[in-house]
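Every read-out reported here was derived from the displayed coordinates using simple, explicitly stated rules and does not represent laboratory data. Not measured: the values here are computed from a predicted model. Please note: Cβ atoms are built from the backbone with ideal geometry, for glycine as well, and neighbour counts cover all protein chains shown.
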């Protein structure tokens with residue numbers, strides 16, 4: 001935490017220490033940039049039709065624009081992009097869960113078949129559990 005009393009006026013390197021944690025070099029600064037509304041709207045419209053859908057953060061990074069500015073100027077498009085990405089993630093999660101469920105079921109069936117092979121009980125007694 002920065003404390004005003006910890007820095008003495010005129011101390012060498014004071015400004016560089018204050019600004020050291022403000023903006024890392026790998027994050028581009030969007031401050032003071034003007035957006036081109038027509039071009040930006042075209043980019044956002046194109047993002048609505050991309051497969052797989054991109055998040056709003058990914059779209060704004062590609063445009064090199066501030067997400068706050070984009071949301072301020074194009075709220076309806078931002079909401080549509082966000083909703084589309086949320087639906088995509090929901091569907092992807094459901095598919096992933098179903099694949100995992102099928103894999104667990106097939107492994108369990110293989111394990112039960114191995115056990116049935118080692119015992120004298122018929123296989124149908126084990127498969128009735130499904």
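Summary of computed values
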| read-out | value |
| --- | --- |
| Net length gained if the chain between residue 36 and residue 89 were fully extended (0.36 nm per residue, minus Cα distance) | 16.1 nm |
| Column: log10 I(q)/I(0), Debye, Cα scatterers of region 35-127, q = 0.13 Å⁻¹ | -0.57 |
| Which of 91, 70 has the fewest Cβ neighbours within 10 Å, and the rest in rising order | 91, 70 |
